[in-house]
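> A single structure is presented below for examination.
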Amino acid sequence: MIAAALAGLLAGYGIAIPVGAVGAYLVALSARAPRRVGTAAALGVATVDGGYALLAVLGGGALVPLVEPMAAPLRWVSAAVLVLLAARISITAVRAGAADGNRPVRLTPARAYAGLVAMTAINPTTVVYFAAIVLGNQADLVDTTPQRLLFVTAAALASASWQLLLSTAGALLGRALTGRRGRLATAFASSAIIVLLAVHTALR
């Protein structure tokens, strides 16, 4: 059981720690929104990671051939969504700055949660990653129902802890850059990073 829990933690951190476009967006959002919004967004990412971990332990190898044909179209869809989000970040920052440089993003926790769930769910890398973990050297650690549940729980908790760390970093960044110029610089920088990561996603 301990081995299954450790495998879940490693799997969760393994997919969460490499900060991609979703992580960059989470930091940018948390820097410009109330703390509860950033927290909800972080939990949205962790929810999808946990859900994909569950699919992986239930479906195993059957998931890979189902996802692989959709991988290329999903990459382009994901890239397009990320570019639109980057544009929205910059446009919103400019509009907010023109009215009030210190005004935070108007977004409810529920919308932030749903948005990050949708953004993370269209990333096919996550489900393939978890399926590979289960089919690989961790397969013997999750061959019973309690072990599977423990693996999924540990993976979700690992992802949640890392995403919450990113949202906290974003919130601290937002407090440090409270002026109009600081918020604009944060928005433009994060938009540029997200666009670059979107291009990388599309061409990978």
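The values are calculated or read from the model by the stated rules, or taken from the named source; none is laboratory data. No experiment lies behind these values; they were computed from the predicted model shown. Every residue, glycine as well, gets a Cβ built from its backbone with ideal geometry; the counts of neighbours run over all protein chains shown.
> Report, by residue number, each residue of the stretch 162-173 that is within 12 Å of the chain's Cα centre (by Cα) and among the hydroxyl-bearing types (Ser, Thr, Tyr).
The answer is SER167, and nothing else.
> Restricting to the stretch 25-50, name every residue that is touching a Leu at 6+ places or on another chain (Cβ under 6 Å), under 22 Å from GLY12 (Cα atoms) and β-branched (Val, Ile, Thr).
Matches in the stretch 25-50: VAL27, VAL45.
Yes or no, residue by residue, for (1) at pLDDT 65 or above; (2) buried (at least 22 other Cβ atoms within 10 Å of the Cβ); (3) among the polar types (S, T, N, Q); (4) farther than 19 Å from ALA31 by Cβ:
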{"residue": "LEU116", "(1), (2), (3), (4)": "yes, yes, no, no"}
{"residue": "VAL128", "(1), (2), (3), (4)": "yes, no, no, yes"}
{"residue": "ASP140", "(1), (2), (3), (4)": "no, no, no, yes"}
{"residue": "PRO146", "(1), (2), (3), (4)": "yes, no, no, yes"}
{"residue": "ALA156", "(1), (2), (3), (4)": "yes, yes, no, yes"}
{"residue": "ALA192", "(1), (2), (3), (4)": "yes, no, no, no"}
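> Further, regarding this structure: Does at least one position in the stretch 33-40 carry a residue that is modelled with pLDDT of 75 or more, out of contact with any Pro (no Cβ under 8 Å at 6 or more places or on another chain) and among the basic types (Lys, Arg)?
Checked the stretch 33-40: at least one residue is modelled with pLDDT of 75 or more, out of contact with any Pro (no Cβ under 8 Å at 6 or more places or on another chain) and among the basic types (Lys, Arg).
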